[in-house]
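Written out below as structure tokens is the structure these notes cover.
The values are calculated or read from the model by the stated rules, or taken from the named source; none is laboratory data. It should be emphasised that the depicted structure is a prediction, and the values quoted were computed from it without experimental measurement. Positions of Cβ are generated from backbone atoms using ideal geometry, with glycine treated the same way; all protein chains shown enter the neighbour counts. Quick note on the areas: whole protein, heavy atoms, side chains included, nothing else; ligands and nucleic acids left out. Shrake-Rupley method; radii C 1.70, N 1.55, O 1.52, S 1.80 Å.
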Amino acid sequence: MTRPRQYLYPHREPATPQDAATVLLLRDATGPDGHPTLEVLMTRRSAQASFLPGAYVFPGGRIDPEDATVHGAADPRPAQHGAPLTAAIAAIRESFEEMGVLLARHADGRMADARDIAALDRAQPFVAQCQAQGLRLAADQLYPLAHWTGDRDIPRRFATTFLVARMPEGQTPVADEAEQFEPVWVRPAEALERHAAGQFFMIFPTIRTLERLSGFTQVDALLATCAGEAPLWTCCPRSGLLGGKESRYMEHEAPFGELAMVCPDGQIVHPLDWQTERPVALRKNLQRLTAPNPGVMTGPGTNSYLVGDPDTGYIAIDPGPADAGHLDTLWRAAGGDIRLIVCTHSHPDHSPGAAPLQALCVRHGRAQPPILGLPSAPTARAASAFTPDRSLQNNELLTLTGKGPEGEITHTLEVIHTPGHAANHLCLLLREDGLLFSGDHILNGSTTVIDPPDGNMADYLDSLDRLAERCAAEGVEFILPAHGYVLGNAPQAIAGLKAHRLAREAKVLAALQALPEGSVEDWVAHAYADVPPRLWPVAQRSLLAHVERIRAMEPGND
């Protein structure tokens, strides 16, 4: 767990979300290209509304306490009980009050029609009127799609269950002309296009929901996908600043973990633009400076990290390439007080800057910081030759200490030997704050290349297991890679990465079995069909590492 005093911003408690429910009413249609598509019912909120004025939304609203007391008035599915049933009842009530759509049926199974709707008053208690007319709420027709909780930064938040249902035949939506106006049937892709053109204002959850719906062409297919009784996704977005503007992200998107780490309470203050001219503060004791070496293999560039503070001095992790401007900025960010220089491995985008950074410190009258790491193995390529001043040992501790305004402070990095991407690769765990510096072993947005003979897939997977154990033991939540944003939910990230590698290995094995006499190029085209062909030459390296591991596991090769 991070020490609270290391957070950059004072904590601000997010507003408590209120429970709500919304329903996406759907119908089958034909698109402009003549192909089947589906349409969703949307409506425009009043321009005078206190919440989301003028936005196009799906019918819905707050869950009332009474919605949980009338379960006996509804027909649920066997597994639809408790809170999910309450949400379905609320969505049925709201769709009637706002749009005049009645998801209810008679005792003989007939769905409500226009005459039943005409007999009800939207301004009067809904369930009591249905019961008086002999109608039961058709909760079994609503299926869970998603659950969205409003961003932590907004003052009025809702925790909303998104449900989907087929529009009842013979009914026509009529807005209440108080909260909702202009009901419109629209294809998801069309709504997104109109929003992009500035003609159809929608908020983030609505946009992302429509993006997911765009992949479906028939209502039945969507309802079948939602039949598992659990939301297809659950999200509480986070926001940062990109190009000076607010930008929101879901949990699976690259910046989400970094925003969770820097602004756990949801304040929108963290810049997400990649910085090569100045360091980016991630904690009071942690800065990141990205080298100006973007590319296919390096993403936005190599991340150099500074751990420490003015009272303890700093440890520089992965100084990167020998770029004078980058190293000068790194040195200045540390106030010239760099105590140790650590390289996670010897690849040319990580270690060449170590010696010139060391010389820069000496040139300005500071003690010479030792360069630490593991020497490159004989299997390393010539460009990856590296010899540290001192070799690190597995489980060794690197410690900075000092006295500040709040007393003694310590920053301790634990060395974890993690061969796989390179034979001399290591990761570093900042114990006091539960942060893992993963070098190239774990990246954000891509999987690292395993290039034999210095790279070894069996070692790589074993190292993932070792990291998982250490992260569990130390309560590590965030991973700081050498390329890309910070990753959150470290245990899930590591488990997901291993699962991805094993799934890829299964594809490689299938390629070997299908094409036993094939070439490496043939195997790559088969096993990496989901990867752009321009990346296949790079993928060949990892494929060979998988082949090496597969053959090592064959009977007789142990």
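When you scan segment 382-406, how many residues do you find that are in contact (Cβ under 8 Å) with a residue 40 or more places away in the chain, farther than 20 Å from Pro419 by Cα and out of contact with any strand residue (DSSP E or B) (no Cβ under 8 Å at 6 or more places or on another chain)?
1
Does segment 382-398 hold any residues that are in contact with a Pro (Cβ under 8 Å, 6 or more places away or on another chain), part of a loop (DSSP other than H, G, I, E, B) and more than 26 Å from Glu432 (Cβ to Cβ), and which are they?
Selection gives Phe386, Thr387.
Give the number of residues within segment 341-381 that are free of Cβ contacts under 8 Å to residues at least 40 places away in the same chain, part of a loop (DSSP other than H, G, I, E, B) and either buried (at least 24 other Cβ atoms within 10 Å of the Cβ) or on the phi > 0 side of the Ramachandran plot (or both).
The number of residues fulfilling the criteria is 2.
Out of all the residues in segment 293-309, is one or more over 26 Å from Ser542 (Cβ atoms) and open to solvent by 20 Å² or more (accessible area, probe 1.4 Å)?
no
If you go through segment 184-198 one residue at a time, how many are part of a helix (DSSP H, G or I) and either under 13 Å from Tyr56 (Cα atoms) or open to solvent by 50 Å² or more (accessible area, probe 1.4 Å) (or both)?
Of the residues in that region, 8 qualify.
Looking at segment 247-268, which of its residues are in a loop (DSSP other than H, G, I, E, B), crowded, with 19+ Cβ neighbours inside 10 Å and either of a type in the set (Ser, Thr, Tyr) or out of contact with any strand residue (DSSP E or B) (no Cβ under 8 Å at 6 or more places or on another chain) (or both)?
Within segment 247-268, just Gln267 meets the criteria.
Taking interchain pairs and intrachain pairs at least six residues apart, which have beta carbon atoms under 6 angstrom, with the first residue in segment 1-17 and assigned to a loop (DSSP other than H, G, I, E, B) and the second open to solvent by 80 Å² or more (accessible area, probe 1.4 Å) and modelled with pLDDT of 95 or more?
Final answer for the pair search is none.
Under 6 Å between Cβ atoms, which residue pairs at least 6 apart in sequence (or on different chains) link something in segment 286-308 that is more than 16 Å from Arg332 (Cα to Cα) with a partner that is aromatic (Phe, Trp, Tyr)?
Close Cβ pairs (under 6 Å, with a partner that is aromatic (Phe, Trp, Tyr)) amount to Pro300/Trp274.
When only residues in segment 269-281 that are hydrophobic (A, V, I, L, M, F, W, C) and in contact with a strand residue (DSSP E or B) (Cβ under 6 Å, 6 or more places away or on another chain) count, which is nearest to Arg157 (Cα to Cα)?
Checked segment 269-281; the qualifying residue nearest to Arg157 (Cα to Cα) is Leu272.
Determine the pairs where a residue that is touching a residue at least 12 places away in the same chain (Cβ under 8 Å) and under 15 Å from Leu142 (Cβ atoms), located within segment 66-79, has a partner that is assigned to a helix (DSSP H, G or I) and among the charged types (D, E, K, R) with Cβ atoms under 7 Å apart, the partner being 6 or more residues away or on another chain.
Asp67/Arg93; Asp75/Asp140; Pro76/Asp140; Arg77/Asp140
Any idea which residue in segment 269-285 is nearest to Ser239 (Cα to Cα), counting only those that are without any contact (Cβ under 8 Å) to a residue 60 or more places away in the chain and in a strand (DSSP E or B)?
Out of the qualifying residues, it is Pro271.
Return the only residue of Arg122, Arg115, Arg156 being open to solvent by 10 Å² or more (accessible area, probe 1.4 Å), closer than 30 Å to Arg238 by Cα and modelled with pLDDT under 95.
None of the others qualify; the one that does is Arg156.
Using beta carbons and a limit of 8 Å, which pairs, at least six apart or on different chains, have the first residue in segment 193-221 and under 22 Å from Ser247 (Cβ atoms) and the second one among the acidic types (Asp, Glu)?
Filtered contacts from segment 193-221: Phe204/Asp151.
If you go through segment 430-451 one residue at a time, do you hit one that is at pLDDT 95 or above, open to solvent by 10 Å² or more (accessible area, probe 1.4 Å), more than 26 Å from the chain's Cα centre (by Cα) and of a type in the set (S, T, N, Q)?
No; the residues of segment 430-451 include none that is at pLDDT 95 or above, open to solvent by 10 Å² or more (accessible area, probe 1.4 Å), more than 26 Å from the chain's Cα centre (by Cα) and of a type in the set (S, T, N, Q).
Among the residues of segment 500-548, count how many are open to solvent by 50 Å² or more (accessible area, probe 1.4 Å), over 20 Å from Ser446 (Cβ atoms) and assigned to a helix (DSSP H, G or I).
7
Could you grab me the full set of residues in segment 452-482 that are closer than 19 Å to Ala254 by Cα, in a loop (DSSP other than H, G, I, E, B) and either polar (S, T, N, Q) or open to solvent by 10 Å² or more (accessible area, probe 1.4 Å) (or both)?
Glu477 - this is the single residue of segment 452-482 that is closer than 19 Å to Ala254 by Cα, in a loop (DSSP other than H, G, I, E, B) and either polar (S, T, N, Q) or open to solvent by 10 Å² or more (accessible area, probe 1.4 Å) (or both).
Can you name every residue in segment 310-326 that is open to solvent by 10 Å² or more (accessible area, probe 1.4 Å) and under 31 Å from the mean Cα position of the chain (by Cα)?
Result: Tyr314, Pro321.
Scan segment 49-83 for residues that are surrounded by 22 or more Cβ atoms within 10 Å (Cβ to Cβ) and part of a helix (DSSP H, G or I) and jot them down.
Across segment 49-83, the qualifying residue is only Asp67.
Go through segment 196-224 and give me each residue that's over 23 Å from Thr43 (Cβ atoms) and under 22 Å from the mean Cα position of the chain (by Cα).
Gly215
Residue-wise test of (1) touching a residue at least 60 places away in the same chain (Cβ under 8 Å); (2) over 30 Å from Ala260 (Cα atoms); (3) aliphatic (A, V, I, L, M).
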residue	(1), (2), (3)
Arg136	yes, yes, no
Leu145	yes, no, yes
Ile154	yes, no, yes
Ala165	yes, yes, yes
Ala175	yes, yes, yes
Ala178	yes, yes, yes
